[in-house]
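Structure first, commentary second.
The values are calculated or read from the model by the stated rules, or taken from the named source; none is laboratory data. These numbers come from a predicted model, not from an experiment. As a convention, Cβ positions derive from the backbone with ideal geometry for all residues, glycine included, and neighbour counts pool all protein chains shown.
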Amino acid sequence: MSAAAAAAAGSPVVMLLGPTACGKSALALALAQRHRMEIVSIDSTQVYRGLDIGSAKPSVAERALVAHHLIDIRDPAQPYSAAEFLRDATAAIDDIRRRGRAPLIVGGTMMYARVLRQGLADLPSADAAVRARIEADAARLGWPALHARLQALDPETAQRLPPGDRQRIGRALEVFELTGRPLAHWLADAAGAPGAVPGLRTVALLPSDRAQLHRRIDERFDAMLAGGFLDEVRALRARPDLHAQLPALRSVGYRQAWEHLEGGSSAEALRTAAIAATRQLARRQMTWLRSMSDAVVIDPFDAEAGRRVEAVLC
């Protein structure tokens with residue numbers, strides 16, 4: 001049975017989204033165990049092998065309890081795109097349904113969530129000459145300056161991208177130069193495009209207590225450090241085919257740890273930079289979630305959160 005057929009038969013596919021460190025993975029694991037579900041990960045870092053501690057990847061024991069899909073499917077030297085994610089996620093959903101199980105889509109990479117909800121925009125192909133001009137401007141002016149340029153041309157896209165996200169800033173500027181239209185307009189036009197999962201129900205875990213979320217972010221990063229995160233990044237840096245500009249290694253936490261090991265900054269400076277970047281990521285994720293007007297909003301810190309999510313599954 002395809003995802004489309006399952007949705008038409010009245011059996012929903014549920015997507016559980018939330019900011020980093022809000023507890024969505026633990027909640028999803030408990031729900032999946034109770035309801036014989038399999039988890040489809042929406043995480044642009046967990047797709048990469050070897051990026052385990054810094055991505056808060058489910059443990060081997062957790063994956064033995066509940067089947068997880070789209071984890072450890074790509075080497076970090078090979079970038080992974082939203083189009084590839086859409087292809088792989090819909091294939092995983094179809095496979096799960098054919099085997100008589102229910103998929104639970106879980107994560108915090110909002111661009112991946114968007115293509116599942118709306119399909120993939122028919123964006124123009126990359127243009128080497130345009131991209132070379134953008135890269136030259138970045139080398140001369142710096143990526144924060146190009147982020148400011150994007151803010152003037154496409155404020156909606158700029159709002160959800162950090163000033164150092166060279167890959168996505170460059171692509172958004174490239175799309176504008178090639179088409180004269182902001183990337184946000186192209187994405188809005190994609191609503192209902194082929195590839196979107198029909199009948200998808202979205203649950204948005206939005207913490208009401210920002211201070212509590214910040215404490216959890218701090219505690220989780222400290223636990224990562226204690227668990228060997230820097231050794232993990234040292235092993236990645238030892239590979240001659242990996243470098244700091246790869247998308248996998250520009251993800252939050254890995255970028256700051258790589259820079260720390262490269263430049264010799266203090267451990268406290270690393271902690272401060274990584275936690276600040278993670279809080280900024282959480283803020284962008286919550287901005288995305290608030291824009292999903294059809295989502296069921298649940299506070300993950302509410303004692304009744306699990307019961308309320310469970311009601312959406314039924």
query: For region 145-165, does any single residue satisfy the condition of being within 25 Å of Thr90 (Cβ to Cβ) and either of a type in the set (Val, Ile, Thr) or touching a residue at least 60 places away in the same chain (Cβ under 8 Å) (or both)?
result: yes
- prompt: within 22 Å of the chain's Cα centre (by Cα), buried (at least 18 other Cβ atoms within 10 Å of the Cβ), aliphatic (A, V, I, L, M) and not assigned by TED's automatic domain parsing to the domain that holds Leu51 - does that describe any residue in region 161-170?
  reply: yes
- prompt: Within region 198-245, can you find the residues that are part of a helix (DSSP H, G or I) and touching a Cys at 6+ places or on another chain (Cβ under 8 Å)?
  reply: Leu213, Arg216
Hits in region 256-314 - residues which are crowded, with 17+ Cβ neighbours inside 10 Å, of a type in the set (Phe, Trp, Tyr) and closer than 17 Å to Lys24 by Cβ: Trp288
field: Yes/no for Ile275 being assigned to a helix (DSSP H, G or I) and touching a residue at least 40 places away in the same chain (Cβ under 8 Å)
entry: yes
Scope region 224-246; condition small (Gly, Ala, Ser) and either surrounded by 11 or more Cβ atoms within 10 Å (Cβ to Cβ) or in contact with a Pro (Cβ under 9 Å, 6 or more places away or on another chain) (or both); matching residues: Gly227, Gly228, Ala235, Ala244
- prompt: Just for region 111-129: of the residues that are among the hydrophobic types (A, V, I, L, M, F, W, C), surrounded by 17 or more Cβ atoms within 10 Å (Cβ to Cβ) and out of contact with any Ser or Thr (no Cβ under 9 Å at 6 or more places or on another chain), which one is modelled with the highest pLDDT?
  reply: Val115
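Results for (1) among the acidic types (Asp, Glu); (2) out of contact with any helix residue (DSSP H, G or I) (no Cβ under 7 Å at 6 or more places or on another chain); (3) farther than 12 Å from Ala102 by Cβ; (4) in a strand (DSSP E or B), shown as yes or no for each residue.
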residue: Leu16; (1), (2), (3), (4): no, no, yes, yes
residue: Leu27; (1), (2), (3), (4): no, no, yes, no
residue: Ala32; (1), (2), (3), (4): no, yes, no, no
residue: Ile39; (1), (2), (3), (4): no, no, no, yes
residue: Leu51; (1), (2), (3), (4): no, no, yes, no
residue: Gly54; (1), (2), (3), (4): no, no, yes, no
residue: Pro58; (1), (2), (3), (4): no, no, yes, no
residue: Ala64; (1), (2), (3), (4): no, yes, yes, no
residue: Ile71; (1), (2), (3), (4): no, yes, yes, no
query: Residues in region 205-228: is at least one at pLDDT 95 or above, closer than 22 Å to Val106 by Cα and in contact with a strand residue (DSSP E or B) (Cβ under 7 Å, 6 or more places away or on another chain)?
result: yes
